[in-house]
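These notes are about the structure you will find just below.
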Amino acid sequence: LKSRYLEAIGNAGDEAALEELRVAAIGKKGEVSLKMRELGRMSPEERQVAGPALNALKDELNAALAAKKAALADAALDARLKTEWLDITLPGRAGGRAGGSVHPISQVTEEITAIFADMGFAVAEGPQIETDWYNFDALNIPPHHPARQEFDTFYMHRAEGDNRPPHVLRTHTSPVQIRSMEKQGAPIRVIAPGRVYRSDYDQTHTPMFHQVEGLAIDKGISMANLKWTLEEFCRAFFEVDQVELRFRASHFPFTEPSAEVDLRCSWEGGQLKVGEGDDWMEILGSGMVHPKVLQAAGVDPEEYQGFAFGLGIDRLAMLKYGIPDLRAFFDSDLRWLRHYGFAA
Ligand code: PHE
């Protein structure tokens with residue numbers, strides 16, 4: 001019995017065969033198990049001999065099964081290693097996978113940041129999930145102010161019973177004005193590029209888009225400084241000698257006076273020219289920072305004043321690269337990216 005099983009175990013070709021042998025020998029109804037059950041009918045003397053012998057046999061078969069199982073696993077691994085190897089020293093295949101590239105919005109954000117850095121603006125950041133204090137109240141937009149409606153705000157849900165005002169996805173980069181003045185005080189010159197969110201969707205609006213906030217606070221800053229800064233920026237960004245900006249009287253609760261700024265341009269046959277033509281493209285909102293905003297951020301409006309602006313990065317990217325539909329920026333369509341030269 002013993003040598004028969006040991007030989008069969010030695011010859012087993014796979015785990016299934018091994019399992020069959022285990023069941024046949026020491027399974028509940030296996031040959032060895034049946035013999036163990038017969039012990040009860042033996043005389044004490046017989047049992048004293050047969051008992052330990054059967055136990056030893058069972059142990060030996062178990063050990064043989066385990067050893068064979070390990071050997072089979074080793075052999076299987078060897079076989080895989082032989083077939084599934086990979087030569088990592090082989091050179092890459094030319095014309096295979098294309099490398100990644102910088103997204104046009106990131107590229108334009110970097111260009112804008114570099115231009116303002118040359119004019120002495122540092123980069124500031126703030127969270128995209130904002131409290132309604134920073135996004136609204138501190139910017140002179142109290143709870144029931146109509147401007148809250150105009151922003152198409154996304155509100156974050158609060159747990160039931162939590163009655164604090166909800167967090168919002170920031171609707172503009174203006175809260176970073178407050179955060180950076182709190183941190184740094186005045187004088188200050190910063191820009192804050194980043195994502196902002198509004199529930200809005202058409203050819204020139206996406207629910208997530210990008211702004212650059214600008215803030216310059218010092219003694220004796222005026223609208224003239226704002227105008228020069230923006231003109232200088234546009235010349236550098238669009239790489240033209242002359243630009244024409246149109247300041248349109250407007251209203252923002254956080255600036256007084258306020259102006260929306262349009263850029264003279266022409267669209268001919270899908271080709272955009274900046275600085276000439278009869279079209280005006282709105283590119284930003286701006287104004288002199290409201291005294292209440294300075295106060296909310298701990299800056300004394302008797303001593304300091306300054307300007308702020310909020311530029312639409314996506315709009316600028318559309319203009320610079322002649323892209324008619326903003327939504328395409330966020331489709332991740334490689335054909336589109338290649339068409340505009342943004343991917344290899
Ligand atoms: N936060 C305004 C917007 O998103 C733009 C703005 C910024 C206006 C700073 C004035 C000053 O529309």
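GNM remark for the chain: springs join alpha carbons under 10 Å apart, and the peak mean-square fluctuation among Leu294, Leu226, Leu61 falls on Leu61.
For the chain, the alpha-carbon coordinates run over 115, 57, 34 Å along the three principal axes, in decreasing order. Here the accessible area is traced with a 1.4 Å probe on the protein chains. For the chain, carbon and sulfur cover 52 percent of it. Shown here for region 1-88: trypsin sites (Lys or Arg not before Pro) in loop regions (DSSP other than H, G, I, E, B) with at most 15 other Cβ atoms within 10 Å, namely Lys28, Lys29. Classification of region 29-177 by its C-alpha gyration tensor yields an oblate form. The axis ratio a/c (a ≥ b ≥ c) is 1.5 or more, and b/c is at least a/b. If you run the Gaussian network model on the chain, springs between alpha carbon atoms under 10 Å, then out of Glu244, Glu213, Glu31 the most flexible one is Glu31. Applying a threshold of 30 Å to the alpha-carbon distances of Lys58/Lys82; Lys35/Lys69; Lys29/Lys82 flags Lys58/Lys82; Lys29/Lys82 as lying beyond it. Ellipticity at 222 nm from helices only: DSSP H runs of n ≥ 4 in the chain, each -39500 (n - 2.57), divided by the residue count, give -12500 deg cm²/dmol.
Average accessible surface for region 121-224: 51 Å² per residue, computed with a 1.4 Å probe over protein heavy atoms with every protein chain in place. Let a ≥ b ≥ c be the square roots of the eigenvalues of the Cα gyration tensor of region 153-245; is it rounded (a/c under 1.5), or, if not, prolate (a/b larger than b/c) or oblate? Oblate, because a/c is 1.5 or more while a/b does not exceed b/c. Under the convention that each Lys and Arg Cβ holds +1 and each Asp and Glu Cβ holds -1, the size of the dipole of the chain around its Cα centre is about 1800 debye.
The values are calculated or read from the model by the stated rules, or taken from the named source; none is laboratory data. Values in this document were obtained by computation on a predicted structure and should not be read as measured data. Every residue, glycine among them, receives a Cβ derived from its backbone with ideal geometry; neighbour counts consider all protein chains shown. In case anyone asks, the SASA skips ligands and DNA or RNA and just uses the protein heavy atoms, side chains included. Shrake-Rupley method; radii C 1.70, N 1.55, O 1.52, S 1.80 Å.
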